[in-house]
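Structure, as structure tokens:
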Amino acid sequence: MTDQSDEALAKAVAEKLGMVLPTACVPGVAANVRLLESHIATMRKPAEPSQ
Amino acid sequence: MTLDFDAATLAAQVRSGTITAVAVAQESLRRIKASDSLLAVTRCLDGRALQEATAVDAKIARGQDPGPLAGVPYAVKDLFDVAGLPTTAGAARLEFADPATHDAEAIARLHAAGAVLVATLNMDEFAYGFVTDNARWGITRNPHDHACFAGGSSGGSAAAVAGGLVSFALGSDTNGSIRIPASLCGVYGIKPTHGALPMTGVYPFVDTFDDIGFFTRTAADLALIDAVVRDHAAPPTSATHAALLGGWFAQNLTPEMQSALATLTNALAPLPLVEVAGVAQARSAAFLITAYEGGILHAPALRDDALSYDPATRDRLIAGAALPPALHAEALAVRDQFALQFQKLFDRFDVLIAPVVMGPAPRIDHPVVLIDGEEKPARANLGLMTQPISFLGLPVVTVPLAVPGMPLGVQLIGPKGSDATLMAYAAELERNGVTRRTVTEAFQ
């Protein structure tokens, strides 16, 4: 998902929320979608052992 | 006027008639007006402050008990309802909203105890940030170096206390928003056990994590304020076994913080080093829960008028609102597993100690922190070491370490319900000289 263009990511978000996304929001929303994707990946990684 | 603004000292002076509450309020208001450049205060409440102070003095004149916080000046993060004023939550879009009809419950309790409300304070918009970089009210400056951030999102609260403008300040902490500015500004702060302090009349952000708390100049003042704001405080027990969290909490530290922790370890020896697994996963889960719940809360307003938000807040909220509910449930399940490790640690230790942030306050002209050798935005990443703790709803007292230079703080973390014990432990560290408020050149 994160290799999609800013416009494609923002469009997918707008459709999920049922909102018209102003053009000014597109780069920031896309950047945040990518950031959240990275946190999803981290959350799902196996935990390192504690000492 | 040379006046010690420690809450206990001021209250004793007012109660004994050594000084009037009106004189204290006037001094606080004068200091606020002389400190415009901090950008800590959003509204100065001269009329209300003088009215409350006059009422305290009248009670004393009549021989009535004015309350344990008689005449003590304080201020609140601008997400607490103040009767007659719009609650902005740091958002320009709410600057002219309908005024609150009642004070927040915490303010009502402080009023009844004789405290005097003098101002509302700057914050990150809707509390979504760690630096107090506000599009409408500006960037709150660190009283110790105006070129540096005060931290956030309760940056105005920390700066007002550290700068000597007020005796204490209310703030809120969802992912670190009390602990981080307390650390960067060199004052004491408490994030209570989740749900322990009254949330009525507080603008929400993330229900799963939101708590109110407060900033003070001394550890002793923490218990004084807490006794007023809290419903039922458990008596403190003696904290005898402390440990230092390593692993995740020992990584990415600046040389200043490494040195400060080494000094702390010597002072508290023996201070065993312990680790927990899965902190990165926990922090990311907290990040996702925050994005989801914050996004859902704001989704209707964003659909209606997205451009009325600060772009840095808006785009985070929009992206978060689009996360699926199942992911929220998955993140909560991660929390349950993560909590088990802390339960085991608390079988052995009363207090776990960890840095609040990696080092001193970042500079405003270089707003980044180093994580694994890469520069990351401070606004979103200063909570690296606070998010995994509030994720669990644990109480935390932040104490300023007795270090030269810019302030550094550590978290004193305990099991749920141990708030009083943590405050007592902080007071003990203060008495032993391990912690102390970082003094500014302005109003000491």
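The values are calculated or read from the model by the stated rules, or taken from the named source; none is laboratory data. Computed from a prediction, not measured in an experiment: that's the story for all the values here. Glycine gets a Cβ as well: all are built from the backbone with ideal geometry, and neighbour counts include every protein chain shown.
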Tell me which residues, restricted to the stretch B:312-337, are within 9 Å of chain A (Cβ to nearest Cβ) and over 20 Å from residue A:37 (Cα atoms).
B:337
Lone unmet requirement of (1) out of contact with any Lys or Arg (no Cβ under 8 Å at 6 or more places or on another chain); (2) within 30 Å of residue B:294 (Cα to Cα) for residue B:124:
(1)
Being out of contact with any Pro (no Cβ under 9 Å at 6 or more places or on another chain) and surrounded by 16 or more Cβ atoms within 10 Å (Cβ to Cβ) is true for just one of B:236, B:255. Which residue is that?
B:236
Find the residue count for the stretch B:404-419, including only residues that are touching a Lys or Arg at 6+ places or on another chain (Cβ under 9 Å) and either at pLDDT below 95 or of a type outside the set (Asp, Glu) (or both).
3
Answer residue from the stretch B:414-428, given it is surrounded by fewer than 24 Cβ atoms within 10 Å (Cβ to Cβ) and closer than 13 Å to residue B:222 by Cβ and is farthest from the chain's Cα centre (by Cα) among those
B:428
Name, by its number, the condition in (1) within 18 Å of residue B:153 (Cα to Cα); (2) among the hydroxyl-bearing types (Ser, Thr, Tyr); (3) under 14 Å from the mean Cα position of the chain (by Cα); (4) not in a helix (DSSP H, G or I) that does not hold for residue B:183.
(4)
In the stretch B:429-444, which residue that is touching a residue at least 60 places away in the same chain (Cβ under 8 Å) and in a helix (DSSP H, G or I) is surrounded by the most Cβ atoms within 10 Å (Cβ to Cβ)?
B:429
Is it the case, given these coordinates, that residue B:260 is under 27 Å from residue B:183 (Cβ atoms), at the interface with chain A (Cβ under 8 Å from one of its Cβ atoms) and modelled with pLDDT of 95 or more?
no
Given the stretch B:317-413, what strands (runs of 3 or more DSSP E) lie entirely inside it while holding 1 or more residues that are surrounded by 18 or more Cβ atoms within 10 Å (Cβ to Cβ)?
B:351-355, B:368-371, B:396-400, B:409-413
Considering only residues of the stretch A:16-26 that are within 8 Å of chain B (Cβ to nearest Cβ) and not aliphatic (A, V, I, L, M), which is nearest to residue B:312 (Cα to Cα)?
A:25
Are any residues in the stretch B:48-96 within 26 Å of the chain's Cα centre (by Cα) and among the small types (Gly, Ala, Ser), and if so, which ones?
B:49, B:53, B:67, B:70, B:71, B:75, B:83, B:84, B:89, B:90, B:91, B:92
Filter the stretch B:407-436 for residues that are touching a Gly at 6+ places or on another chain (Cβ under 6 Å) and closer than 26 Å to residue B:149 by Cα and give the result.
B:407
Matching residues, the stretch B:399-408, being more than 11 Å from residue B:353 (Cβ to Cβ) and either touching a strand residue (DSSP E or B) at 6+ places or on another chain (Cβ under 8 Å) or not assigned by TED's automatic domain parsing to the domain that holds residue B:286 (or both):
B:400, B:402, B:406, B:407, B:408
Failed condition for residue B:146, given (1) in contact with a Lys or Arg (Cβ under 7 Å, 6 or more places away or on another chain); (2) closer than 30 Å to residue A:32 by Cα; (3) outside any loop (DSSP other than H, G, I, E, B), with all others met?
(1)
Looking at this structure, is residue B:291 in a helix (DSSP H, G or I), in the same structural domain as residue B:348 (by TED's automatic domain parsing) and either touching a residue at least 24 places away in the same chain (Cβ under 8 Å) or buried (at least 23 other Cβ atoms within 10 Å of the Cβ) (or both)?
yes
Of the residues A:13, A:33, A:29, which single one is facing chain B (nearest Cβ under 7 Å), touching a residue at least 24 places away in the same chain (Cβ under 8 Å) and either within 14 Å of the chain's Cα centre (by Cα) or surrounded by 19 or more Cβ atoms within 10 Å (Cβ to Cβ) (or both)?
A:33
Quick check on residue B:341: is it out of contact with any Leu (no Cβ under 9 Å at 6 or more places or on another chain), closer than 29 Å to residue B:399 by Cβ and in contact (Cβ under 8 Å) with a residue 12 or more places away in the chain?
yes
Looking at (1) touching a helix residue (DSSP H, G or I) at 6+ places or on another chain (Cβ under 7 Å); (2) more than 9 Å from chain A (Cβ to nearest Cβ); (3) not charged (D, E, K, R), find the lone condition where residue B:242 falls short.
(1)
Within the stretch B:297-311, residues being surrounded by fewer than 22 Cβ atoms within 10 Å (Cβ to Cβ), within 10 Å of chain A (Cβ to nearest Cβ) and within 26 Å of the chain's Cα centre (by Cα) number 1
